[in-house]
Amino acid sequence: MSGAVYLGGGGSASDEAAVWDEMLDGVRSLLYWPVALSGTMLTGAEQWLRAGLAGRPTITVTTWMDLSEHAGDPLSAFDLIFVGGGNTFDLHHRLSTAGLESSLRSFLGNGGRYYGGSAGAVLAGRSIGIAAGIDDDRIGAADHSALGLIGADLLPHYSPDWLGHARDWSVRHPDRLLIGIPEAGGIGCVMEDPTERVRAIGPDPVRLFRRGEMIGEVAAGEDFALTVQ
């Protein structure tokens, strides 16, 4: 049994309704990691999530406000790990410090689901370095290796305003595919072979970049290979 990964562009729950509909299908227990946030956004995060879930079948929501308090805690009681937006570098540091990467991989290997929106989407790719200049790298970590749940780099909130950033990153990393995910869009894949096929969920298309060029636009319901040249 293999899990699934869903990544959203970082828009509202209504923007990402198609992604949420799919990722929440059959989910009864959700674990929320809002730790990329700080201040009042962090304290109000669970209320925001519950508002987004309103009108859907009842889902039990558990929120871990500090991952370091849960190092070694099992994830098997949950159907979905929900990792939202905020500062990508803070998120990466807190997850690494808590040592939860191996637990998350085991969770997915046993059929669990991962949702990443905005910072949570970047974290699922190959490198968090793409967030440099967008998020404040207060930690100054030398290692920007992300989780690699999907074998590509992810640029959420994608719009034509980010075309220059996408091209620059893909020129500097010519061996990688970059996926631009708009706020009203998302992608999904089954973890059996996440290096092969990824599906655009929509409604808006995702954009693919390689070596400084936009090489594709993938509409809702279509899939694509991460090995595309």
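Given a 1.4 angstrom probe, I'd like the percentage of the accessible area of the chain that is carbon and sulfur, rounded to a whole number.
Details: 4800 of 9760 Å².
C and S atoms contribute 49 percent here.
Rounded to whole Hz and in sequence order, give me ³J(HN,Hα) for the range 57-63 from the Karplus expression 6.51 cos²θ - 1.76 cosθ + 1.60, θ = phi - 60°, writing x for Gly and Pro.
In residue order, the calculated couplings are x, 4, 10, 6, 10, 10, 10 Hz.
Checking a compactness column here: for the range 1-104, what do you get for Rg(Cα) / (2.2 N^0.38 Å), N being the number of residues? Walk me through the numbers on the way to the answer.
Numbers: Rg = 13.4 Å, N = 104, 2.2 N^0.38 = 12.8 Å.
Scaled against compact globular proteins, the figure is 1.05.
Could you compute how fast the chain diffuses translationally, taking Rh as the Kirkwood radius over C-alpha pairs and applying Stokes-Einstein at 25 °C with viscosity 0.890 mPa s? Give it in µm² per second.
141
Give the percent of DSSP beta bridges with both residues in the range 109-229 that are antiparallel, rounded to the nearest 5.
Working: 14 of 19 bridges.
Here the antiparallel bridges make up roughly 75 percent for the range 109-229.
For the peptides 49-57, 88-96, what is the packing order when you average, over each peptide's residues, the other Cβ atoms within 10 Å and list the highest mean first?
88-96, 49-57
Can you give me the angle between helix 163-172 and the longest principal axis of the chain, using Cα atoms only, in degrees from 0 to 90, rounded to the nearest 10?
Helix 163-172 and the main axis of the chain meet at about 80 degrees.
Between 0 and 90 degrees, rounded to the nearest ten: what's the tilt of helix 88-98 against the longest Cα principal axis of the chain?
Compared with the principal axis, the helix lies near 50 degrees.
Taking loop as defined by DSSP and a crowding limit of 16 other beta carbons within 10 Å, which trypsin sites (Lys or Arg not before Pro) in the range 141-227 fit?
211
If you wrap the range 1-57's Cα atoms in a convex hull and average its projection over all directions, what's the area in nm²? Display every interim value, and only then the final one.
Working: hull surface 18.6 nm².
Averaging across all directions leaves 4.7 nm² for the Cα convex hull.
Quick check: pseudo-label points 7 Å beyond the Cα along Cα→Cβ at residue 47 and residue 144, how many nm apart are they?
3.6
Using only the Cα atoms, what convex hull volume per residue in Å³ does the range 72-116 have?
So the per-residue hull volume is 67 Å³.
With Cβ to Cβ distances under 13 Å as the rule, what net charge do the other residues near residue 169 carry (K, R +1; D, E -1)?
+3
What is the distance, in nm, between label points placed 7 Å from the Cα along the Cα-to-Cβ direction at residue 168 and at residue 63?
Between residue 168 and residue 63, the label points sit 3.5 nm apart.
Within the range 127-194, which chymotrypsin sites (Phe, Trp or Tyr not before Pro) sit in a loop by DSSP and count at most 16 neighbouring Cβ atoms inside 10 Å?
Counting only loop positions with at most 16 other Cβ atoms within 10 Å, none of the chymotrypsin sites (Phe, Trp or Tyr not before Pro) in the range 127-194 qualifies.
Of 36, 166, 77, which is the most mobile in a GNM of the chain whose springs link Cα atoms less than 10 angstrom apart?
Looking only at 36, 166, 77, the largest GNM fluctuation is found for 77.
Cα-Cα pairs above 18 Å in the range 101-193: how many percent?
Working: 1978 of 4278 pairs.
Considering the range 101-193, 46 percent of its Cα-Cα pairs are separated by more than 18 Å.
For the chain, what is the percent of antiparallel DSSP beta bridges, rounded to the nearest 5?
Expressed as a percentage, antiparallel bridges in the chain total about 45.
In a GNM of the chain with a 10 Å cut-off on Cα contacts, which of 178, 147, 80 has the highest mean-square fluctuation?
Taking springs between Cα atoms under 10 Å, the residue moving most is 147.
For n ≥ 4 DSSP H runs only, could you compute -39500 (n - 2.57) per run for the chain, divide by its residues and tell me the 222 nm figure to the nearest 500?
Values: 7 runs with 57 residues, N = 229.
The helix-only estimate for the chain comes to -6500 deg cm²/dmol at 222 nm.
Residue 197 label point, 7 Å along Cα→Cβ, cut-off 12 Å on backbone N: hits in the range 1-30?
none
The values are calculated or read from the model by the stated rules, or taken from the named source; none is laboratory data. Given the structure is predicted, the values throughout are model-derived calculations rather than measurements. Neighbour counts are summed over all protein chains in view; Cβ atoms, including those assigned to glycine, are modelled from backbone coordinates with ideal geometry. Each accessible area value is taken on the protein alone, full model and side chains, heavy atoms only, with ligands, DNA and RNA left out. Shrake-Rupley method; radii C 1.70, N 1.55, O 1.52, S 1.80 Å.
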